[in-house]
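Take a look at the structure below.
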Amino acid sequence: MTEDVFKAQLNTSNFNDFKVGWRSPSNIALVKYWGKKPIQIPANASLSFTLSESCTSTEVQFSLADSPSFDLVFEGKAKPSFHPKIQDFLDRISPYCSFLGAYHLSIDTSNSFPHSSGIASSASAMAALALSICSLEKELGGLQDEGLFFQKASFLSRLGSGSACRSVQGPMMSWGVHPELNNSSDLYGSVFKEKLQDVFKSYKDSILLVHKGQKSVSSTAGHDLMKGHIFAQSRFEQAQIHLTQLKSVLQNGDLEHFIRIVESEALSLHAMMMSSHPYYILMQPNTLAILHSVMRFRQETKIPLCFTLDAGANVHLLYPESFERQILPFIEQELSLFCEHGAFLSDAVGNGSQKIV
Ligand code: PMV
C-alpha cells in the first residue's frame, strides 16, 4: 500500500460547517520506537499497550472560510505556544486532506492528566485531532469504510508524532513493518490481532511521577541521536527480535519472559541515550531507586511487577490486575516517596479512542 490511498478526493458541494470531538488515550510502548527515517518512518517495529485513563479530549468546530486557519484553546485558555506544532501538523497532512483548505478550525482541547506532569501528551493530542479531521472527511463523504477510517486517522497521527499512531485503537497496537505481524506497516499503526492472553487485556499501569519538569531532550532531537549511533543497527535488530519474542509471550502468558523483554527494552532505550553524542542521562536518582525497589519486591514476593520507561525520568509500573491489592500498598507506602509530591497516576490497558461529540 502507498500513501496515495490516503489522498482524499471529495465533492466540494458537500462542504458545510461541522462539529466533532474525540477522546484519545496515551500509550506505553513495550517494544520501543527510537530512531526514524524521513518522514516519521520508524527504524524498527514497536508494540504498545493503549491506556484508558491518560487521555486528551479535543473538540473541533470546522467553519467554512476563504483560507485555512485555526485557533486553539487548551484547558480553557488560548495557548499560542502550541500553534507552531499544530501548524506544522496541518501543513504536513495537507496533501492528504486538501479539503481542510476550505475551513477554519476552532480547536478546544484538554488533558485528563495534570499539566506538566511529565506525561507526554503529544500522542493522545495528535490522535484526537487526527480522528476529528477524519470525522470531517467522513461527513464529507469519504472514509466510509471503518477500517480505512482508523487507518487514515493513525496515518495522520503518525505525521504529527510518531507514537501517536498507536493511540487510535486498543488494546494493543503495533507500528512498523515486522515479518511476523501480517498487517504491520511503517505508514500507520495496526491493532495487534494475534492471540492475546486475557491477563494482558486488563494489565495495570501505575505511572510514577518522578520528575514533572520539561524533558532535557525533545523526542525529535532524541530520535536524531540514533543517526550515526555506533549501536544503532544492533538496537534496531534487538527491537525486532524482542517483538518476535513478545508476540509468543502475549499468546502463552509467560509473565517472567514478558518482564525480561519489557525491562530490557526500557533499559536499552536509555542505554542508547547514554551512549549517543551528545549523551543524556534522563533517569533521575529517584528513577533508579524505584527500579531497584521494584526488582527487590519482585524477588521477595514473586509478584510479577515490572517497570518500563519512556524518554524521561517517570516510571511506568506494569502488572496483572489480580495483583493490584498487593502492589498498591507497596506503591503508596514505599515507591511514592520517590515521586515529586508523592504523585502517581493509576492507569490500565484500554480500548482506544472514543467519539465524544
Ligand atoms: O512519538 P515520539 O516521537 O514522541 O517518540 C516516542 C518514543 C518513545 O516514547 C520513547 C518510545 C515509544 O515507542 O513510544
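The values are calculated or read from the model by the stated rules, or taken from the named source; none is laboratory data. All figures in this text were calculated on a predicted structure; none of them were measured in a lab. Every residue, glycine among them, receives a Cβ derived from its backbone with ideal geometry; neighbour counts consider all protein chains shown. All accessible areas refer to the heavy atoms of the entire protein, side chains included, with ligands and DNA or RNA removed. Shrake-Rupley method; radii C 1.70, N 1.55, O 1.52, S 1.80 Å.
Annotations for the structure displayed:
- Considering each residue of the stretch 241-261 in turn, none proves to be within 14 Å of VAL315 (Cα to Cα) and under 24 Å from the mean Cα position of the chain (by Cα).
- Complete set of residues in the stretch 277-323 that are acidic (Asp, Glu), farther than 20 Å from GLU265 by Cβ and within 25 Å of the chain's Cα centre (by Cα): GLU321
- Looking only at the stretch 24-45, and only at residues there that are open to solvent by 20 Å² or more (accessible area, probe 1.4 Å) and in a strand (DSSP E or B), the one that is nearest to GLN354 (Cα to Cα): ILE41
- Hey, SER57 under 18 Å from the mean Cα position of the chain (by Cα), open to solvent by 20 Å² or more (accessible area, probe 1.4 Å) and either more than 16 Å from the ligand (Cβ to nearest atom) or not assigned by TED's automatic domain parsing to the domain that holds GLY170 (or both) or not: yes
For every residue, the table says whether it meets (1) within 20 Å of ALA125 (Cα to Cα); (2) in the same structural domain as SER268 (by TED's automatic domain parsing); (3) in contact with a Ser or Thr (Cβ under 8 Å, 6 or more places away or on another chain); (4) charged (D, E, K, R).
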| site | (1), (2), (3), (4) |
| --- | --- |
| LYS19 | yes, no, no, yes |
| SER26 | yes, no, yes, no |
| ALA29 | yes, no, yes, no |
| LYS37 | no, no, no, yes |
| LEU47 | yes, no, yes, no |
| SER52 | yes, no, no, no |
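- Only listed residue being buried (at least 23 other Cβ atoms within 10 Å of the Cβ) and under 22 Å from SER202 (Cβ atoms), chosen from SER163, SER154, SER174: SER174
- Cβ-Cβ contacts under 9 Å between residues 6 or more apart (or on different chains), taken from a first residue in the stretch 130-150 that is charged (D, E, K, R) to a second residue that is modelled with pLDDT under 95, are listed as GLU137/ALA8; GLU137/LEU10; GLU139/ASN14; GLU139/ASN16.
- Scanning the stretch 225-263 for residues that are open to solvent by less than 40 Å² (accessible area, probe 1.4 Å), over 17 Å from SER174 (Cβ atoms) and within 16 Å of the ligand (Cβ to nearest atom) returns LEU225, MET226, HIS229, ALA232, ARG235, GLU263.
- Among the residues of the stretch 1-36, those that are within 13 Å of the ligand (Cβ to nearest atom) and out of contact with any strand residue (DSSP E or B) (no Cβ under 7 Å at 6 or more places or on another chain) comprise TRP34, GLY35.
- In this structure, SER132 does satisfy being outside any loop (DSSP other than H, G, I, E, B), of a type in the set (S, T, N, Q) and more than 16 Å from THR50 (Cβ to Cβ).
- Pairs where the first residue, in the stretch 332-352, is in contact (Cβ under 8 Å) with a residue 60 or more places away in the chain and the second is of a type in the set (Asp, Glu) and surrounded by 20 or more Cβ atoms within 10 Å (Cβ to Cβ), C-beta under 7 Å, 6+ apart: ASP347/ASP205; ALA348/ASP205
- Residue match in the stretch 64-71 (condition: closer than 29 Å to ASP186 by Cβ and either buried (at least 24 other Cβ atoms within 10 Å of the Cβ) or out of contact with any Gly (no Cβ under 8 Å at 6 or more places or on another chain) (or both)): yes
- The residue list SER106, SER48 contains one member that is polar (S, T, N, Q) and either outside any strand (DSSP E or B) or touching an Asp or Glu at 6+ places or on another chain (Cβ under 9 Å) (or both), which is SER106.
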